[in-house]
Amino acid sequence: MRLSVEVRGVSKRYGPRQVFDGLNLELLPGVTGLLGPNGAGKSTLMRCLASTLMPDAGRVHVLGLDLSDREQRLQARRTIGYLPQELGLYPQFSVSSLVDYVAILNEITDRRQRRREVERVLEEVDLLTERKSKVRRLSGGMKQRLGIAIALIGNPQFLILDEPMVGLDPEQRMRFRGLLSRLGENRIVLLSTHQTEDVAALCQRVLVMQAGTFLFDGPPHQIANQATGQVWLSAYPSAEGQAGWRAADGRYRVVGAPPLDAEPAEPTVEDGYLVLLNARAEKII
Amino acid sequence: MSRVAQQLALFELKLMLRNPILWASAGVMLAWRTVATWSFEPAWHLETVQTATAALLVGAAAVVVTSMVTMRDSRPQTAELFSALPTGQPVRTVAVVVAGPIAAGLVVALVSVLHFVSLLGGTPAGRFDAYEVLTGVMVAALMAALGVALTRWAPTLIIAPVLIVALVWAIFQFGRNWLMPVVPIASAPGDISRPSGWHLGYVTALVILVAALALMRHGIQPARTGIAGVAAVAVGLTGWSTVSQPEANERETVKASTTYVCQRLGTVEYCAYPLFTRWISIWQGAVDPVVQGVPPKLRAHLPRVIQLPGEESLTGTNLKSTIMVTLQWGRNGGEAADRRSLASRMAAAAIGLPGGYLAVHNCDLRGQARSIIAIWLAMRAGEPPARFQQSPFDEGPNTVVYQASDLGIIDFGDEELHYARRLLAMPMAERRIWANWDRLASPKTSIAEALPLLGLRSEVPSERPREQPCR
């Protein structure tokens, strides 16, 4: 079984709206970050990869298994861990019951093995002490961690995480970054996020998606390079820059046209991402 | 059933058995049956049917619970997560449609056992119909399965309340035999009109049919269709057998035999159905104090006490020598009225009052000496006979109003009640009464004539008969 995910000529349409058309992608072991504005098609792509949504055209192969084939799709689901963007958890369940329930649905039928697995994934997301708490009593961040724990059940070879960092406090984010980088060592992790610093910190590869197409596909430092010569620090704001804000030191950080008395600054992934999106917008205009 | 389905069913079962809605309904069911049977000696043939009917309460709760559980994976955000898992919705349906009926059935079984054990504190009689008990279990299971099937076909939370409203409507619309042959409500032996074995088979087949229909929501497969087809045929056959033998249950469970078991205790013969012989001593407890008040030479001629409904045809001859008791007897205070009624009828028979079943017209005992003796005899067992009262009796489309006292279709007044009380307080009153029995028992002897014979003085005003005097 080849440890890869292949997307070939995939198209998806919601009524009159074409989300993407003829999309191609190959994912290999490691953490891949998926960036893009709202409505770019990230979640739709993730649903197609998670087999919860069938594309209108094209093929998706997960670890060599064709998702358009019923039997192969079923097999593929045994290798996929999926955290949807909006997670509906059962408020009346206890934390361990919910994880146990999903573990059964993941075909872990041996009771001892299931108990070990429940403890393992709850330990991974630091929720073991809350295992008897009702889901309704958990904070937003805890619920998010619970969702991540559910995605980790069964040690899936392909992890699809749609905005998993939402609601996590800084400490939990750091912990989660560590977990994801560990997981990415020998499996495919696709991570959708709006947090560019997370992408910079843990992804080996970044995909920037807008309007159903990939604007960028490469390592994080290359996306930052997109903004080389376009990031400035100045005592004055810029009326012509693509983006600008006053930083903690009182100076303005500007992306785009330089303001008065500007000095060049080291670009970040976020700067590169902004430049990429704006370049695309200008092309369209 | 796959290993995943088994584990999932076990998981759902554990969860449902912790569901407060189910246990609240169990509490209400137990309270209902406890209150309803508190004042009556347990009659198994009735109580097993009534408990099966009461299982509808747990069934209603089970509909709500299984519907909610079935709806669980239909929530948009949850559906997204679940659709990426290897276990699909059909397996989840199998798990719920297995776990729901088992959970509801277990709760009903537990409540039924608790209730029946509590009834052992009384003097239970009649045939304990295990089929009826199991029918109660299956009725709850049927409702649980319905909750799953309806919610799979119409995935909305409103479906459970709609089903419950339809159920309540059906009960009021079709009365005792609503939705026959599913669950008739029995309140008297004559109402039980189903052979319990066939009926159990019918409800069980319905559970299987409904479960198969729930699964058919996920596609018509040969196995599901086959099970549904066999279950449908079974429903038809068992349903037909149930309604085509309406008397079977009464014959089997009430009488158990066409002959009575008769015992002569002292001078009175008591006849009960074989499964009700434990009640003979209870009847004797009410009759004996009356018998002890009758002159010994007359005691051999007292009527026998016999249980209704019976196979014997009641004619004028045996009516006069028979006092009938029913398949019900009170307890925890509820027995007072039954004791009073039985003792009063024995007293009325002993003094020669017109027999209740023969008297078709009202008559009035006011002013007659024998009224004092009849009331005195009855009061030896406890309370004085109930006064003349109207009781509505539902007879088909018309409600007929009957007037009767505990002595029969016979009225009496305060005067005789007063003197009966005085007699009861008088030591050795029996000797005076027995010595003048023939005169006192005569319809021609007035109270005024009797008072000196009884050693009493006139203390209250005389009353005139309001109806035709009794002869």
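Please work out which residue is farthest from B:Leu10 (Cα to Cα), limiting yourself to segment B:80-90 and to residues that are facing another protein chain (nearest Cβ under 8 Å) and part of a helix (DSSP H, G or I).
Filtering segment B:80-90 for residues that are facing another protein chain (nearest Cβ under 8 Å) and part of a helix (DSSP H, G or I), the one farthest from B:Leu10 (Cα to Cα) comes out as B:Glu80.
Going by the conditions given, is B:Ala103 in a helix (DSSP H, G or I) and either in contact with a His (Cβ under 9 Å, 6 or more places away or on another chain) or modelled with pLDDT of 95 or more (or both)?
Values: in a helix (DSSP H, G or I): yes; either in contact with a His (Cβ under 9 Å, 6 or more places away or on another chain) or modelled with pLDDT of 95 or more (or both): yes.
In short, yes.
For A:Thr129, which of the numbered conditions (1) under 20 Å from B:Thr78 (Cβ atoms); (2) more than 12 Å from every other protein chain (Cβ to nearest Cβ); (3) among the hydroxyl-bearing types (Ser, Thr, Tyr) fails to hold?
Every listed condition holds for A:Thr129 apart from (1).
Can you tell me which residue among B:Val65, B:Val69 is within 14 Å of chain A (Cβ to nearest Cβ), under 24 Å from A:Glu86 (Cα atoms) and either touching a His at 6+ places or on another chain (Cβ under 6 Å) or in contact (Cβ under 8 Å) with a residue 12 or more places away in the chain (or both)?
B:Val69
Applying the selection to segment A:216-244, what residues are over 24 Å from A:Leu190 (Cα atoms), of a type in the set (Phe, Trp, Tyr) and in contact with a strand residue (DSSP E or B) (Cβ under 6 Å, 6 or more places away or on another chain)? Steps first, answer last, please.
So in segment A:216-244, the residues over 24 Å from A:Leu190 (Cα atoms) come out as A:227-244.
Keeping just the survivors that are of a type in the set (Phe, Trp, Tyr) gives A:232, A:236.
Within segment A:216-244, A:Trp232 is the sole residue that qualifies.
Among B:Val117, B:Val97, B:Val113, B:Val108, which is more than 14 Å from every other protein chain (Cβ to nearest Cβ), within 26 Å of A:Arg77 (Cβ to Cβ) and of a type in the set (A, V, I, L, M, F, W, C)?
Of the residues listed, the single one that is more than 14 Å from every other protein chain (Cβ to nearest Cβ), within 26 Å of A:Arg77 (Cβ to Cβ) and of a type in the set (A, V, I, L, M, F, W, C) is B:Val97.
Specify which of the listed residues (B:Ala160, B:Ala186, B:Ala166, B:Ala170) is modelled with pLDDT of 55 or more, buried (at least 20 other Cβ atoms within 10 Å of the Cβ) and not aromatic (Phe, Trp, Tyr). Working first, answer last.
Numbers: B:Ala186 fails: modelled with pLDDT of 55 or more; B:Ala166 fails: buried (at least 20 other Cβ atoms within 10 Å of the Cβ); B:Ala170 fails: buried (at least 20 other Cβ atoms within 10 Å of the Cβ).
Of the residues listed, the single one that is modelled with pLDDT of 55 or more, buried (at least 20 other Cβ atoms within 10 Å of the Cβ) and not aromatic (Phe, Trp, Tyr) is B:Ala160.
Working only within segment B:6-39, note down all residues that are part of a helix (DSSP H, G or I), within 14 Å of chain A (Cβ to nearest Cβ) and among the hydrophobic types (A, V, I, L, M, F, W, C).
If the condition is that a residue be part of a helix (DSSP H, G or I), within 14 Å of chain A (Cβ to nearest Cβ) and among the hydrophobic types (A, V, I, L, M, F, W, C), then B:Leu8, B:Ala9, B:Leu10, B:Phe11, B:Leu13, B:Leu15, B:Met16, B:Ile21, B:Leu22 are the ones that fit.
Enumerate the strands (runs of 3 or more DSSP E) found wholly within segment A:177-285, keeping only those where 1 or more residues are within 21 Å of A:Ser43 (Cα to Cα) and within 19 Å of the chain's Cα centre (by Cα). So that I can check it myself, show each step before the final result.
Working: elements: A:188-192, A:205-210, A:213-218, A:231-234, A:243-246, A:252-255.
Filter on segment A:177-285 gives A:188-192, A:205-210, A:213-218.
Restricting the search to segment B:426-470, which residues are in contact with a Cys (Cβ under 7 Å, 6 or more places away or on another chain) and either among the charged types (D, E, K, R) or assigned to a helix (DSSP H, G or I) (or both)?
B:Glu467
Restricting to segment B:239-272, give me the number of residues that are assigned to a loop (DSSP other than H, G, I, E, B) and at pLDDT 85 or above.
Filtering segment B:239-272 for residues assigned to a loop (DSSP other than H, G, I, E, B) gives B:245-247, B:256-260, B:266-267.
Among the residues that remain, those that are also at pLDDT 85 or above are: B:266-267.
Residues flagged as assigned to a loop (DSSP other than H, G, I, E, B) and at pLDDT 85 or above within segment B:239-272 amount to 2.
Give the residues of segment A:117-135 that are surrounded by fewer than 18 Cβ atoms within 10 Å (Cβ to Cβ) and hydrophobic (A, V, I, L, M, F, W, C), sorted by residue number.
A:Leu128
The values are calculated or read from the model by the stated rules, or taken from the named source; none is laboratory data. For clarity, every value in this text was computed on a predicted model and none was experimentally measured. Cβ: placed from backbone, ideal geometry, glycine included. Neighbour counts: every protein chain shown.
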